[in-house]
1. Give the shape of the range 93-181 as rounded, prolate or oblate, defined through the alpha-carbon gyration tensor: a ≥ b ≥ c are the square roots of its eigenvalues, a/c under 1.5 means rounded, and otherwise the shape is prolate if a/b is larger than b/c and oblate if not.
2. Based on the Cβ-Cβ distance of residue 119 and residue 177, what FRET efficiency does E = 1/(1 + (r/R0)^6) give at R0 = 22 Å, to the nearest 0.05?
3. Give the ranking of 301, 184 by solvent-accessible surface, highest area first, calculated with a 1.4 Å probe.
4. For residue 217 and residue 196, FRET efficiency with R0 = 30 Å and r from the beta-carbon atoms, rounded to 0.05?
5. For a label point 7 angstrom out from the Cα of residue 294 toward its Cβ, which stretches of the range 167-195 have the backbone nitrogen within less than 15 Å?
6. Would you please give the FRET efficiency between residue 131 and residue 167, computed as 1/(1 + (r/R0)^6) with r the Cβ-Cβ distance and R0 = 25 Å, to the nearest 0.05?
7. Leaving ligands and nucleic acids out of the surface, order 197, 118 by accessible area at 1.4 Å, largest first.
8. State in Å² the accessible area per residue of the range 73-226; use a 1.4 Å probe, count heavy atoms of protein chains only, and round to the nearest integer.
Amino acid sequence: MELILRPSPVQPLPYPACLPEWTVDPSHQPELPSSPRLAELTPSPACPPEMPLRPGAAEMLPEPAHQPEGPPSPSLAELTLEPVHQRPELLEACADLINEQWPRSRASRLHSLGQSSDAFPLCLMLLSTCSTPGVAPTVVGHARLSRVLGQPQSLLVETVVVARALRGRGFGRRLMEGLEGFAKARGFCRLHLTTHDQLYFYAHLGYQLSEPVQGLVFTSRRLPAALLGALPRASHLQPPFKGPSLTPQGVIGAPKGPPLPPPPPLPEPLPIQPPAGTSPQSLLETRYRDLRGSPIFWMEKVL
């Protein structure tokens, strides 16, 4: 029996790139070898496929580049205030933080921090804790507290600094609030400090201009407070100056002769008037200077 293949008369002849439809006699269907070239055929524009494949919106987005994991940014909700001498493993990190603002010999800075103790002076660190096990906390800020001469209920705040990359984000305020709570919990009722250019920052926290105070470099529980207060004052006492003694006859030891005439009267001081166009002296001006001659403001706050 002969197999006859005929094109379907109902279907019009398609575009040459499309395969024609063929009808097969159902009475006899021998196996036809499949051509390997059929899998390589691509549909032409004239014969679009019935179900075109289009990538979804998620498939069109490029895969983000891999970013190395770094330490998390410190949060205001995860801060603690701890003494330096209770966290010796953070001593070097604290020294680097301070030297970032005030460069100094690292050995000297470590020695100064090593003098911290509960008997004052006491160095405190503002730490950002990390929830990851085994990761050390980040040193965010530092401040030093010292006893004040003649004021047993006052403390002097020194070396207040916040990491340069974290400034302007509220860490300075949290550091000062932590210092106030730390001092108040230990029975102190007043804090003193000095500043060159952060007058408005401290004024916003409740500090006011005040007179200078003297901080104690060291304290010891073996010495009474009265003796500690007397020692610094004794070092500043000067022996009275003994000049030549005056008698009605003149100066003892001077050659004898006619008495000296009285000194002429001092001229009257001229009235000082400010130059025209100048404003009165501002209340923010200070008469105090530091060792370098720069203006310095003394401030205090009652806790």
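1. Values: a/c = 1.67, a/b = 1.35, b/c = 1.24.
Prolate shape, in that a/c is at least 1.5 and a/b is the bigger ratio.
2. Details: r = 24 Å, r/R0 = 1.09.
Approximately 0.35, to the nearest 0.05.
3. Details: 301 40, 184 130 Å².
Most to least solvent-accessible, the answer reads 184, 301.
4. Numbers: r = 22 Å, r/R0 = 0.72.
With a Förster radius of 30 Å, E is 0.90.
5. 194-195
6. So the FRET efficiency works out to roughly 0.55.
7. Numbers: 197 120, 118 90 Å².
Final ranking, largest accessible area leading: 197, 118.
8. Working: 8170 Å² over 154 residues.
Ligands and nucleic acids excluded, the result is 53 Å² per residue.
The values are calculated or read from the model by the stated rules, or taken from the named source; none is laboratory data. All of these numbers come straight from a predicted model, not from anything done at the bench. As a convention, Cβ positions derive from the backbone with ideal geometry for all residues, glycine included, and neighbour counts pool all protein chains shown. For the accessible areas, the whole protein counts, side chains as well, though only heavy atoms, and no ligand, DNA or RNA atoms are used. Shrake-Rupley method; radii C 1.70, N 1.55, O 1.52, S 1.80 Å.
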